[in-house]
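Working notes, structure below.
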Amino acid sequence: MSKIKMLFCSLLCLNLAFAQVQNMKKDDFFKAVKESNIDKIQYFLEGGFDINAKDERGRNAILIATYKDDVKLVKFLYQNGGDVNDRDENLNSAFLYAGANGKLEILKIIHKKAKVNSVFNRFGGNALIPACEKGHFETAKFLLENTDINIFYRQ
């Protein structure tokens, strides 16, 4: 076998091995997120793992934590660069989901980095519309008083 072919095969094997390690890391990272294991998540982040990596459903860690209503984990992920505007396959973001479902404690943590007038749910609305529709009046009041949310705009 020529040296070029051997080099190519070696690089291909290294690339495949690296991809396999990355997938294992990703699975372990999301397992830690689902288990709310902040120490293990911190370990991954210190090792250079992308805090905004996506799972098989397009969710990043802060969105999973928001779905779980895990305020402590949301705060940790937010402080470490979790993107509150990143959306999953259902077009939910941490900000949109928290607003729509009355997760006021989470909104209070994440609202300052939210793109309140440019990230819309799958129905073309912002976080205020479903908060009102579902009767989350304290959430709606918070959004109106603490963000520049546009009450007239729909996508």
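Treat every Asp and Glu Cβ in the range 56-148 as -1 and every Lys and Arg Cβ as +1, leave all other atoms uncharged, and give the resulting dipole magnitude about the Cα centre to the nearest 20 debye. Can you show the working numbers first?
Values: 14 positive and 12 negative charges, 24 e Å.
For this selection, approximately 120 debye.
From the residues GLY47, VAL71, VAL33, which one has its Cα farthest along the dipole of the range 27-76 in the positive direction, the dipole being from +1 and -1 charges on Cβ of Lys/Arg and Asp/Glu about the Cα centre?
Of GLY47, VAL71, VAL33, it is VAL71.
Once the piece of chain linking GLN79 and SER36 is laid out straight, how much longer is it, given 0.36 nm per residue of separation minus the C-alpha distance between them?
Details: separation 43, 0.36 × 43 = 15.48 nm, distance 1.53 nm.
Extra length from GLN79 to SER36 when fully extended: 13.9 nm.
Within the range 47-111, what whole-number % of the accessible surface is contributed by carbon and sulfur, with the 1.4 Å probe and all protein chains included in the calculation? Before the final figure, lay out the partial values.
Numbers: 1060 of 2580 Å².
Accessible surface attributable to carbon and sulfur in the range 47-111 totals 41 percent.
To the nearest 10 Å², what's GLU35's accessible area with a 1.4 Å probe?
Result for GLU35: roughly 110 Å² accessible.
Taking 0.36 nm per intervening residue step and subtracting the Cα-Cα distance, what contour gain separates GLU56 from VAL71 on full extension? Present the calculation step by step, with values, prior to reporting the outcome.
Values: separation 15, 0.36 × 15 = 5.40 nm, distance 2.30 nm.
Contour length minus Cα-Cα distance gives 3.1 nm.
Going through the range 98-155, which trypsin sites (Lys or Arg not before Pro) have at most 16 other Cβ atoms within 10 Å and a DSSP loop state? Walk me through the numbers on the way to the answer.
Numbers: sites: LYS103, LYS108, LYS112, LYS113, LYS115, ARG122, LYS134, LYS141, ARG154; in loops: LYS103, LYS115, ARG122, LYS134, ARG154.
Those satisfying the criteria are LYS115, ARG122, LYS134, ARG154.
Exceeding 22 Å between C-alpha atoms, which entries from my cross-link table qualify? They are LYS72/LYS112; LYS68/LYS134; LYS54/LYS108.
Values: LYS72/LYS112 17 Å; LYS68/LYS134 19 Å; LYS54/LYS108 24 Å.
Flagged as over cut-off: LYS54/LYS108.
Restricting to DSSP loop positions (anything but H, G, I, E, B) with no more than 11 other Cβ atoms inside 10 Å of their own Cβ, which trypsin sites (Lys or Arg not before Pro) remain in the range 27-75? Let's see the in-between values first.
Values: sites: LYS31, LYS34, LYS40, LYS54, ARG57, ARG59, LYS68, LYS72, LYS75; in loops: LYS54, ARG57, ARG59, LYS68.
Counting only loop positions with at most 11 other Cβ atoms within 10 Å, the trypsin sites (Lys or Arg not before Pro) in the range 27-75 are ARG57.
Between ILE151 and LYS113, take the C-beta separation as r, use R0 = 22 Å, and let me know the FRET efficiency to the nearest 0.05. The partial results should precede the final answer.
Numbers: r = 21 Å, r/R0 = 0.95.
FRET efficiency, ILE151 to LYS113: 0.60.
Suppose a student asked you for the relative contact order of the range 52-155, using Cα pairs under 8 Å spaced at least 6 residues apart; what percent would you report? Mind dumping the intermediate values first?
Values: 155 pairs, mean separation 23.7, N = 104.
For the range 52-155, the relative contact order is 23 percent.
Each residue of the range 26-35 in order: what ³J(HN,Hα) in whole Hz does its phi give by Karplus 6.51 cos²θ - 1.76 cosθ + 1.60, θ = phi - 60°, with x for Gly and Pro?
Values, residue by residue: 4, 4, 5, 4, 5, 5, 5, 5, 5, 8 Hz.
The values are calculated or read from the model by the stated rules, or taken from the named source; none is laboratory data. Everything numeric in this text was worked out from a predicted model, so none of it was measured. Don't worry about glycine lacking a Cβ; one is built from the backbone with ideal geometry, like all the others, and counts go over all protein chains shown. These area figures cover heavy atoms from the full protein model, side chains too; ligands, DNA and RNA do not enter into them. Shrake-Rupley method; radii C 1.70, N 1.55, O 1.52, S 1.80 Å.
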